[in-house]
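Chemist: Questions regarding the structure given below will be posed in turn.
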Amino acid sequence: ILHNSGGEKAAGDLHIRILSPQGKEVCSATRPISAAGKSDIPLSFTFDIGKPELWSVDTPSLYTACLSVKSGGLSDEITVPFGIRTIEFSAEKGFLLNGKPLKLKGGCLHHDNGLLGAVAIDRAEERKVELMKANGFNAVRCSHNLPSEYFLQACDRLGLLVIDEVFDQWQQAKRPQDYHRFFDEWSEHDLSVMIRRDRNHPSIIMWSIGNEIAERADEPAGEAIAKRLVATIRKYDTSRAITA
């Protein structure tokens, strides 16, 4: 999505370059763009990359998408790392990564960093992933809130599969001050933000819509909430399974 923050209509060019894990340009494209003032325009590109280096837990190869917008001078630019891989779930073969069955040797990991507290310190986030890998884990389920971006970047770089989880409560409380106070008003917004922020991470193989949710046995309220959350995810990503 391209956002024009100015009040006037603007026109320019969008340049996209795809770099291999070694930094070599493998694809590029330029498209003229125009947007009315204070508006968003969705854009979609498709690239063919011959013989891609596949991302996996053993070889976490990362490509980079370099995007720049020029309207007069340079208006904005961003780089987005991503991986190329396939994921699949089969009743006969279980989970498949790049077409090959892979047993998930997983653990559940909270967002805090021990004695350092709940603040997301980049090196501490990376060290958690290093420790998980060193102890034989290849997968992790995040705790019940948006994980730090650096944690997910470390999972991409080091090859740790992720179940990305968003809520610890829906409408029913576990504690008086928890997220149930905001669920009705904010759940769709917060879930949408998470999916849009995290969907380019190759390490993420599943979304989770809740942890130990009281309403999961309620009819019809729990079913209705679950279907609404699933539908919100499907607006932004159809490539992953959804669990709770």
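Chemist: Mind telling me which of LEU161, LEU229, LEU116 comes out most flexible in a GNM of the chain, alpha-carbon contacts under 10 Å?
Modeler: Largest GNM mean-square fluctuation: LEU116.
Chemist: Now for a separate question. On a C-alpha basis, how far is the centre of region 90-144 from the centre of region 154-209 in Å? Whole number, if you could?
Modeler: A separation of 15 Å, based on Cα centres.
Chemist: Ordering VAL69, VAL162, VAL26 by how much accessible area each has at a 1.4 Å probe, largest first, what is the list?
Modeler: VAL26, VAL69, VAL162
Chemist: Let me ask something else. Quote the accessible area belonging to GLU88 in square angstrom, nearest 10, computed with a 1.4 Å probe and with ligands, DNA and RNA left uncounted.
Modeler: Accessible surface of GLU88 is approximately 100 Å².
Chemist: Using a 1.4 Å probe on the protein chains only, how many percent of the accessible area of region 9-124 belongs to carbon and sulfur?
Modeler: Its accessible area is 54 percent carbon and sulfur atoms.
Chemist: Under a crude label model (7 Å from the Cα following the beta-carbon direction), how far is ILE16 from VAL80 in nanometres?
Modeler: Rounded to a tenth, the inter-label distance reads 0.8 nm.
Chemist: So if each residue of separation counts as 0.36 nm, and I subtract the Cα-Cα distance between LEU116 and LEU131, what length gain in nm does that give? Walk me through the numbers on the way to the answer.
Modeler: Working: separation 15, 0.36 × 15 = 5.40 nm, distance 1.61 nm.
So the chain would gain 3.8 nm between LEU116 and LEU131.
Chemist: If I model a spin label at SER34 and ARG228 as a point 7 Å from the Cα along the Cα→Cβ vector, what separation in nanometres do I get?
Modeler: 4.0
Chemist: Looking at the chain, what % of its DSSP beta bridges pair antiparallel, to the nearest 5?
Modeler: Working: 36 of 50 bridges.
Beta bridges within the chain, antiparallel portion: roughly 70 percent.
Chemist: Between ALA241 and CYS66, how high is the FRET efficiency from 1/(1 + (r/R0)^6) when r is the Cβ-Cβ distance and R₀ = 35 Å? Nearest 0.05. List each step's numbers first, then the result.
Modeler: On the way: r = 31 Å, r/R0 = 0.87.
Calculated value: 0.70.
Chemist: So, one more: Measure of size requested: the Rg and Dmax of the chain, with Cα atoms as the atom set and Å as the unit; please supply both.
Modeler: My reading of the Cα-based Rg and Dmax gives 20.0, 57 Å.
Chemist: Next up: If you add up the charges near ILE233, with Lys and Arg at +1 and Asp and Glu at -1, over every other residue whose beta carbon is less than 14 angstrom from its beta carbon, what do you get?
Modeler: Summing Lys/Arg as +1 and Asp/Glu as -1 gives +2.
Chemist: Calculate, in nm to one decimal, what GLU88 and ALA217 gain on full extension: separation in residues at 0.36 nm each, minus their alpha carbon distance.
Modeler: 43.6 nm
The values are calculated or read from the model by the stated rules, or taken from the named source; none is laboratory data. On a predicted model such as this, the values are computed, not experimentally measured, just so you know. Neighbour counts run over all protein chains shown; Cβ positions are idealised from the backbone, glycine included. For accessibility, only protein heavy atoms count, side chains too; no ligands or nucleic acids. Shrake-Rupley method; radii C 1.70, N 1.55, O 1.52, S 1.80 Å.
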